[in-house]
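Take a look at the structure below.
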Amino acid sequence: TAKSKQIRKWSESEIALFKLSGNLVNNAYSRRIWEHERERFKTVFENAAFGALMFETNGKVFYTNRYVCELLNLSREDIVKKSYDSIFPLEFEGNRNASYDKIMEENMRESFELTLQINASKVLTMLSNAIYIKGSATGKGLIAYTFSDISERIQQEKATRDALNIVSEQNKRLLNFSYIVSHNIRSHASNISGIAHVLAEEPEPEIQRQFIEGLLKSS
């Protein structure tokens, strides 16, 4: 009918209400997506054979997996009370270079080494990767670190380098020894050769006897 074809003019209050409703729906959907992504991350990382730590951009632990709990011998509740610099002390250069503010600046990093504080007397070297996950429905970004313990490999590499250094030093000593022996033998061999040539050409018996004594002495 003609009445149904009339254009409806919405009031400002109705438009504002529609916008508010749309924002509420969008926020609810975004929150739902974020919760789904968070659960997906947990499923992937929880039982992984490597460490996984997520930090909020202020450095506070947001999530940790079971590997880290077992490595630090701490409960999940105790770990989430910690901060980045209490787990990865900034006194170690690698930890400063891979801190969450650096990750946010560079967005993503290649593999690098971190030093993990186990306790006051024990630290481990970890091969790590990190990525900055931009803001979620809560408006907070996250820094996700994954890492594995390479302390044993580092120790083995050091032991190998030390062994190579020892072998290299021994080779140098053997080479020096061979130079000394070669020089000493060459000196006497030259004497023996010279006396033998003279002796072969000397007809006098008395002089031959003297040369023979010199030959015996040199040999």
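Filter 102/158; 82/140; 19/140; 19/134; 82/134 down to the pairs with a C-alpha to C-alpha distance above 20 Å, please.
Violating the 20 Å limit, Cα to Cα: 102/158; 19/140; 19/134; 82/134.
Hey, what D do you get for region 71-219 in µm²/s if you plug the Kirkwood alpha-carbon radius into Stokes-Einstein at 4 °C and 1.567 mPa s?
59 µm²/s
With the full set of protein chains in place, find how many percent of the accessible area of region 115-196 is carbon and sulfur; take the probe as 1.4 Å.
On the way: 3140 of 5510 Å².
That fraction is 57 percent.
Multiply the residue separation of residue 133 and residue 196 by 0.36 nm, subtract the distance between their alpha-carbon atoms, and state the gained length in nm to one decimal.
Residue separation times 0.36 nm, minus the Cα-Cα distance, leaves 13.8 nm.
Taking R0 as 41 Å, what's the FRET efficiency between residue 32 and residue 121 from their Cβ-Cβ distance, rounded to 0.05? Walk me through the numbers on the way to the answer.
Values: r = 46 Å, r/R0 = 1.13.
That gives a FRET efficiency of 0.35.
Stretch residue 47-residue 152 to full length: gain in nm at 0.36 nm per residue minus the Cα-Cα span? It would help to have the intermediate numbers written out before the result.
Details: separation 105, 0.36 × 105 = 37.80 nm, distance 2.24 nm.
Result for the pair: 35.6 nm of gain on full extension.
Between residue 187 and residue 66, 0.36 nm times their residue separation minus their Cα-Cα distance comes to what?
Extra length from residue 187 to residue 66 when fully extended: 36.2 nm.
Which value in nm describes the separation of the simple spin-label points at residue 112 and residue 207, placed 7 Å from the Cα toward the beta carbon?
Roughly 8.6 nm, to one decimal.
Once ligands and nucleic acids are excluded and a 1.4 Å probe is used, how much of residue 74 is accessible, expressed in Å² to the nearest 10?
60 Å²
The values are calculated or read from the model by the stated rules, or taken from the named source; none is laboratory data. Since we're looking at a predicted model, the values are computed, not measured. Cβ sites come from the backbone with ideal geometry, for glycine too, and all protein chains shown count toward neighbours. Areas reflect the complete protein model, heavy atoms only, side chains present, ligands, DNA and RNA absent. Shrake-Rupley method; radii C 1.70, N 1.55, O 1.52, S 1.80 Å.
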